[in-house]
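Undergrad: Below is the structure I would like to discuss, written out as structure tokens.
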Amino acid sequence: MTEFNAQQELAFIKKIMNDSRKILIDDGKGFIFWGILVTIGLLLTYLAILGKWKASMGLMWPGLITFGWIYTIVTEIRRERKRRTKTFAGKIMGGLWFSVGISATILGFVGTYTGAYHGVHISPLISIVLGIGYLLSGLLYGKTWISMLSIGWWAGAILMLFMQNVETILVMIGMMLFFQIIPGFILYKEFKNGTRAIV
């Protein structure tokens, strides 16, 4: 491949991304939904540990996450039917958050089931993955503030890895509120006030 051809291909990709970004916007509902769902699960887990009734919580997380995935898949199928424009950036965004979700699910269930790590490590590990998702989402949206949320996720992950106790759950609840739920509402407000179409 010649340097000229490589430059042409890069220019083409850049044009696709710029064109996609013009109509790419998230309504924030996914961030809000998952943020609230996980926060409920974390809060119930923390209360269960304090109350020493963990035995009755065995199906709580599988139930919450299964419900979350079913809701997300049904919502995305409905959105896909309504979509008038499909963009390259939109496909990347969908693939990105699908990958983040699958990774978080594996980290949340398989790692502790196999004994690869203790339950207190779930939140920091998932936070690291979420940091990647937010960094790349911000780049795709062209919104620096979304990318900057990744710093919060990674800083929180480092803090929780040093803590390694039940209080990591409280840290994760705070992170869900400030780095996921509130940003989700900001995106929703921008979506309602904006003129760009959702993809």
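Undergrad: Out of (1) over 15 Å from the mean Cα position of the chain (by Cα); (2) among the aliphatic types (A, V, I, L, M); (3) surrounded by 15 or more Cβ atoms within 10 Å (Cβ to Cβ), the odd one out for Leu125 is which?
TA: (1)
Undergrad: Suppose we keep only residues that are surrounded by fewer than 18 Cβ atoms within 10 Å (Cβ to Cβ) and in a helix (DSSP H, G or I) within region 162-172. Which one would you say is nearest to the chain's Cα centre (by Cα)?
TA: Let us first name the residues in region 162-172 that are surrounded by fewer than 18 Cβ atoms within 10 Å (Cβ to Cβ), namely 162-167, 170.
In the following step, the residues that additionally are in a helix (DSSP H, G or I) were identified as 162-163, 170.
On the way: Phe162: 23, Met163: 23, Leu170: 19 Å.
Across region 162-172, the extreme among qualifying residues is Leu170.
Undergrad: Is at least one residue of region 59-70 small (Gly, Ala, Ser), assigned to a helix (DSSP H, G or I) and either under 19 Å from Trp154 (Cα atoms) or more than 16 Å from the chain's Cα centre (by Cα) (or both)?
TA: The initial filter retains those residues of region 59-70 that are small (Gly, Ala, Ser), namely 63, 68.
Narrowing the set further to residues that are assigned to a helix (DSSP H, G or I) leaves 63, 68.
Okay, now just the ones that are also either under 19 Å from Trp154 (Cα atoms) or more than 16 Å from the chain's Cα centre (by Cα) (or both), so 63.
For region 59-70, residues small (Gly, Ala, Ser), assigned to a helix (DSSP H, G or I) and either under 19 Å from Trp154 (Cα atoms) or more than 16 Å from the chain's Cα centre (by Cα) (or both): present.
Undergrad: Further, regarding this structure: Given the condition touching a residue at least 40 places away in the same chain (Cβ under 8 Å) and among the charged types (D, E, K, R), answer yes or no: does some residue in region 140-158 qualify?
TA: no
Undergrad: Only one residue in Leu130, Leu159, Leu136 is modelled with pLDDT under 95, in contact with a Ser or Thr (Cβ under 9 Å, 6 or more places away or on another chain) and assigned to a helix (DSSP H, G or I). Which one? Walk me through how you get there before you give the answer.
TA: Numbers: Leu130 fails: modelled with pLDDT under 95; Leu159 fails: modelled with pLDDT under 95.
Just one listed residue meets the conditions, Leu136.
Undergrad: Those residues that are out of contact with any Phe, Trp or Tyr (no Cβ under 8 Å at 6 or more places or on another chain) and within 16 Å of Ile126 (Cα to Cα), I need them from region 147-164; list them, please.
TA: Within region 147-164, the subset out of contact with any Phe, Trp or Tyr (no Cβ under 8 Å at 6 or more places or on another chain) is 148, 151, 154-155, 157-164.
Once the filter is applied, which keeps residues that are out of contact with any Phe, Trp or Tyr (no Cβ under 8 Å at 6 or more places or on another chain) and within 16 Å of Ile126 (Cα to Cα), region 147-164 yields Ile151, Trp154, Ala155, Ala157, Ile158, Leu159, Met160, Leu161, Phe162, Met163, Gln164.
Undergrad: Here's another thing I want to ask about it. Being modelled with pLDDT of 65 or more and charged (D, E, K, R) is the filter; apply it to region 4-52 and report the residue that is farthest from Glu190 (Cα to Cα).
TA: Applying the filter and picking the extreme gives Lys52.
Undergrad: What residue, of Val120, Val100, Val110, is among the aliphatic types (A, V, I, L, M), assigned to a helix (DSSP H, G or I) and within 20 Å of Ile32 (Cβ to Cβ)?
TA: Details: Val120 fails: within 20 Å of Ile32 (Cβ to Cβ); Val110 fails: within 20 Å of Ile32 (Cβ to Cβ).
Going through Val120, Val100, Val110 in turn, the sole match is Val100.
Undergrad: Pick from Ile36, Ile77, Ile40: which is of a type in the set (A, V, I, L, M), in contact (Cβ under 8 Å) with a residue 60 or more places away in the chain and either out of contact with any Asp or Glu (no Cβ under 8 Å at 6 or more places or on another chain) or surrounded by 14 or more Cβ atoms within 10 Å (Cβ to Cβ) (or both)? Before you say what the answer is, go through the steps one by one.
TA: Working: Ile77 fails: in contact (Cβ under 8 Å) with a residue 60 or more places away in the chain; Ile40 fails: in contact (Cβ under 8 Å) with a residue 60 or more places away in the chain.
Matching residue, one of Ile36, Ile77, Ile40: Ile36.
Undergrad: Give me the residue from region 149-161 that is touching a helix residue (DSSP H, G or I) at 6+ places or on another chain (Cβ under 7 Å) and either closer than 19 Å to Phe191 by Cα or of a type in the set (A, V, I, L, M, F, W, C) (or both) and, out of that set, surrounded by the fewest Cβ atoms within 10 Å (Cβ to Cβ). Please lay out each step first, then the result.
TA: The first filter runs over region 149-161 and keeps only residues touching a helix residue (DSSP H, G or I) at 6+ places or on another chain (Cβ under 7 Å), leaving 149-150, 152-154, 156-157, 159-161.
Remaining after also requiring either closer than 19 Å to Phe191 by Cα or of a type in the set (A, V, I, L, M, F, W, C) (or both): 149, 153-154, 157, 159-161.
Details: Leu149: 23, Trp153: 22, Trp154: 18, Ala157: 24, Leu159: 14, Met160: 24, Leu161: 16.
Applying the filter and picking the extreme gives Leu159.
The values are calculated or read from the model by the stated rules, or taken from the named source; none is laboratory data. Since this is a predicted model, take the numbers as computed values, not measurements. Reconstructed Cβ throughout: ideal geometry from the backbone, glycine too, with neighbour counts over all protein chains shown.
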